[in-house]
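Participant: First the structure, then my questions, so here it is.
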Amino acid sequence: MTKAYDKSVEELHDLLVTKEITAEDLTNETIARIHETEPDLDAFITVSEDKAIDLAKAIDKKGIDSENVLSGIPIGIKDNIVTKNILTTAASKILYNFDPVYDATVMEKVYQAGLVPVGKTNMDEFAMGGSTETSYFKKTKNAWDASKVPGGSSGGSAASVAAGQVPVSLGSDTGGSIRQPAAFNGIVGMKPTYGRVSRFGLIAFASSLDQIGPFTRNVKDNALVLNAISGHDPKDGTSAKKETPDFTQGLTGDIKGMKIALPKEYLGEGVQEGVKAAILKAADTYRALGATVEEVSLPHSKYGVAVYYILASSEASSNLQRFDGIRYGYRSENISNLEDVYINSRTEGFGDEVKRRIMLGTFSLSAGYYDAYFKKAGQVRTLIIDDFNKVFHDYDLIIGPTSPTVAFGLGENIDDPITMYMSDILTIPVNLAGLPGMSIPGGFSEGLPVGLQLIGKRFDENTLYKAAYAFEQATDFHKKQPIIMGGAK
């Protein structure tokens, strides 16, 4: 056994090129690792063993491409990304048996890159949640402490990477659903600029906010995966006609002269003292590396949660109309007429959180309340965008905590929607503005990882990776491992 779960993508690539292992060996070891750790983690909904092994054998037969670092590397896929002939449920009862007949564009790119999908990771139902506790199938645990949540909605994707089940995975981020679980699990998670990665084949939650991105254990691996999945897609009307740069180009460790903003609102009330201390220490690290770090203000960020839950729920209300018990998915047996099909299938098929957001969104879009809520939320969204634009006029990037707290206990907040919603207060504004944002390991508090959030200008992921890599090289937080990976208690 090569202990592949302990190695970076580049290290695995070297082993594949030198034929010390084959893609089939690596895939088999990955699947064995998933089975070994799943009882403690519950990160996967579906493991596609046969398909993954067949694909790995085909890659071996063709030969590992020495120029393609991702060739033969296993990857986990969040279960709201459509995968041909692999069950795609969005962690919902209403899609419990959905077997797609096509691949999402991002999956086509995954296959083109030579990556080997090994299964579909658990998530909050339809990506609605911040703890992976609203899944119909199971509750994923945090890789560092099984009594804690892994974050959400991409909790399965994050925990699977942190626990060494897979070296990389894909998630989606609507209001922090890549960055927050990356923070809770002590790994790297990137939400690219809106439009950087195609959304065709991503089961929509909020179409103006959703974005697919990668989870990895280090910054360079993350940049390599984003290289592979980015690019314009004519099948996605919101896909940007932008060339994909090489995101690994700026990974030199040199950030002398970089101007970094630290918003005072990101260290205000509600942010745990341990988290605040870690971020202030991170700011000092950047200063020691030759960057300027100065306090700024994003005055409208405090309205982000309210704006988000009106806009996102309104879009969800529209997007989830298609799940009606007619064409595919769950259909209630408790029916006597067509109206019963719609009502009972949706009542029985959707979980409480999804129903809550559909109702909130439908209310916000209704004739008597549209101007007061949906239209007003759109106007405040513009003010939030303007705040970012003003800061980026003078600074290269923004830093702050990814989450106000470290991972909280399973069951601790699930019955308190307001507390759950407020936990996304630091990530939501990035989605509202369509900006790139990432979380990297930024320290520890109470023995749990603290995420350092980096926010950049539109389509300037390169600067984020450059700054993230410099911080990673100057610290050892990314080298710390949870017990499930052999780390010390």
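Participant: Would you be able to say whether some residue in segment 448-460 is closer than 29 Å to I34 by Cα, modelled with pLDDT under 95 and in contact with a Ser or Thr (Cβ under 8 Å, 6 or more places away or on another chain)?
Facilitator: no
Participant: Restricting to segment 25-44, what's the tally of residues that are open to solvent by 60 Å² or more (accessible area, probe 1.4 Å) and over 19 Å from I484 (Cβ atoms)?
Facilitator: Of segment 25-44, the ones open to solvent by 60 Å² or more (accessible area, probe 1.4 Å) are 25, 28, 35-36, 39-40.
Still in the list and also over 19 Å from I484 (Cβ atoms): 25, 28.
Matching residues across segment 25-44 total 2.
Here's the yes/no breakdown for (1) in contact with an Asp or Glu (Cβ under 9 Å, 6 or more places away or on another chain); (2) in a helix (DSSP H, G or I); (3) in contact (Cβ under 8 Å) with a residue 24 or more places away in the chain:
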site: A372; (1), (2), (3): no, yes, no
site: Q379; (1), (2), (3): no, yes, no
site: L383; (1), (2), (3): no, yes, yes
site: Y395; (1), (2), (3): yes, no, yes
site: V406; (1), (2), (3): yes, no, yes
site: I414; (1), (2), (3): yes, no, yes
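Participant: Out of (1) in contact with a strand residue (DSSP E or B) (Cβ under 9 Å, 6 or more places away or on another chain); (2) closer than 24 Å to A163 by Cβ; (3) open to solvent by 10 Å² or more (accessible area, probe 1.4 Å), the odd one out for D99 is which?
Facilitator: (2)
Participant: A further question on this structure: List, please: which pairs have Cβ atoms under 7 Å, are six or more places apart or on different chains, and start with a residue in segment 1-30 that is assigned to a loop (DSSP other than H, G, I, E, B) and end with one that is charged (D, E, K, R)?
Facilitator: Close Cβ pairs satisfying both conditions: M1/E29; T2/E29; S8/R217; S8/D221; T22/D60.
Participant: Here's another thing I want to ask about it. Out of segment 144-170, which residues are open to solvent by less than 10 Å² (accessible area, probe 1.4 Å), in contact with a strand residue (DSSP E or B) (Cβ under 7 Å, 6 or more places away or on another chain) and not in a loop (DSSP other than H, G, I, E, B)?
Facilitator: Correct list: G156, S157, A158, S160, V161, V168, S169, L170.
Participant: Something else: Across segment 306-337, which residue is surrounded by the most Cβ atoms within 10 Å (Cβ to Cβ) among those that are without any contact (Cβ under 8 Å) to a residue 12 or more places away in the chain and in a loop (DSSP other than H, G, I, E, B)?
Facilitator: Within segment 306-337, the first condition is being without any contact (Cβ under 8 Å) to a residue 12 or more places away in the chain, and the residues that meet it are 321-322, 327, 333, 335-337.
Those still in the list that are in a loop (DSSP other than H, G, I, E, B) too: 327, 333, 335-337.
Details: R327: 8, E333: 8, I335: 15, S336: 8, N337: 8.
Among residues in segment 306-337 that are without any contact (Cβ under 8 Å) to a residue 12 or more places away in the chain and in a loop (DSSP other than H, G, I, E, B), the one surrounded by the most Cβ atoms within 10 Å (Cβ to Cβ) is I335.
Participant: To continue, here is another question. Would you check which residues across segment 71-96 are part of a strand (DSSP E or B) and either under 18 Å from F137 (Cβ atoms) or open to solvent by 10 Å² or more (accessible area, probe 1.4 Å) (or both) and list them?
Facilitator: Passing the criteria: G76, I77, K78, I81, T83, I86.
Participant: Another question, then. Could you say which residue among G237, G176, G250, G274 is more than 20 Å from T88 (Cα to Cα), of a type in the set (G, A, S) and at pLDDT below 95? Can you show your working first?
Facilitator: Working: G237 fails: at pLDDT below 95; G176 fails: at pLDDT below 95; G274 fails: at pLDDT below 95.
One residue alone meets the criteria, G250.
A quick yes/no check of all residues on (1) under 22 Å from the mean Cα position of the chain (by Cα); (2) at pLDDT 95 or above; (3) β-branched (V, I, T); (4) open to solvent by less than 20 Å² (accessible area, probe 1.4 Å):
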| residue | (1), (2), (3), (4) |
| --- | --- |
| V354 | yes, yes, yes, yes |
| D371 | no, no, no, no |
| T382 | no, yes, yes, no |
| I398 | yes, yes, yes, yes |
| G409 | yes, yes, no, yes |
| D416 | no, no, no, no |
| L426 | yes, yes, no, yes |
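Participant: Taking segment 236-264 on its own, how many of its residues are outside any loop (DSSP other than H, G, I, E, B) and open to solvent by less than 60 Å² (accessible area, probe 1.4 Å)? Before the answer, list the steps.
Facilitator: Kept after step one, since they are outside any loop (DSSP other than H, G, I, E, B), are these residues of segment 236-264: 259-264.
Then drop every residue that is not open to solvent by less than 60 Å² (accessible area, probe 1.4 Å), which leaves 260-263.
Final tally of qualifying residues: 4.
Participant: Here is a further query. Across segment 186-240, which residue is nearest to K7 (Cα to Cα) among those that are more than 14 Å from the chain's Cα centre (by Cα) and acidic (D, E)?
Facilitator: D221
Participant: Hey, among K141, K109, which residue is modelled with pLDDT of 95 or more and part of a helix (DSSP H, G or I)? Before the answer, list the steps.
Facilitator: Numbers: K141 fails: part of a helix (DSSP H, G or I).
Exactly one of K141, K109 is modelled with pLDDT of 95 or more and part of a helix (DSSP H, G or I), namely K109.
Participant: Another one. For K281, state whether it is in a helix (DSSP H, G or I) and basic (K, R). Before you say what the answer is, go through the steps one by one.
Facilitator: On the way: in a helix (DSSP H, G or I): yes; basic (K, R): yes.
Yes, satisfied.
Participant: Please specify each residue of segment 112-131 satisfying the condition of being assigned to a loop (DSSP other than H, G, I, E, B), small (G, A, S) and closer than 20 Å to V166 by Cβ. Talk me through it step by step, then tell me what you get.
Facilitator: Pass one, segment 112-131, residues assigned to a loop (DSSP other than H, G, I, E, B): 113-115, 122-124, 128-131.
Applying the additional criterion that residues be small (G, A, S) yields 113-114, 129-131.
Once the filter is applied, which keeps residues that are assigned to a loop (DSSP other than H, G, I, E, B), small (G, A, S) and closer than 20 Å to V166 by Cβ, segment 112-131 yields A113, G114.
Participant: Hey, another quick one. How many of the residues making up segment 45-62 are open to solvent by 30 Å² or more (accessible area, probe 1.4 Å) and not in a helix (DSSP H, G or I)?
Facilitator: Summing the residues that are open to solvent by 30 Å² or more (accessible area, probe 1.4 Å) and not in a helix (DSSP H, G or I) in segment 45-62 gives 2.
Participant: OK, next. Out of segment 29-56, which residues are among the hydrophobic types (A, V, I, L, M, F, W, C) and touching a Phe, Trp or Tyr at 6+ places or on another chain (Cβ under 9 Å)? Don't jump to the end; show me each part of the working.
Facilitator: Residues of segment 29-56 among the hydrophobic types (A, V, I, L, M, F, W, C): 31-32, 34, 41, 43-45, 47, 52-53, 55-56.
Passing the criteria: I34, I45, L55.
The values are calculated or read from the model by the stated rules, or taken from the named source; none is laboratory data. Owing to the predicted nature of the structure, the values given are computational and were not obtained by experimental measurement. For neighbour counting, all protein chains shown are included, and Cβ atoms are generated from backbone atoms with ideal geometry for every residue, glycine included. Remember, those area values only see protein heavy atoms, side chains included, never the ligands or the DNA or RNA. Shrake-Rupley method; radii C 1.70, N 1.55, O 1.52, S 1.80 Å.
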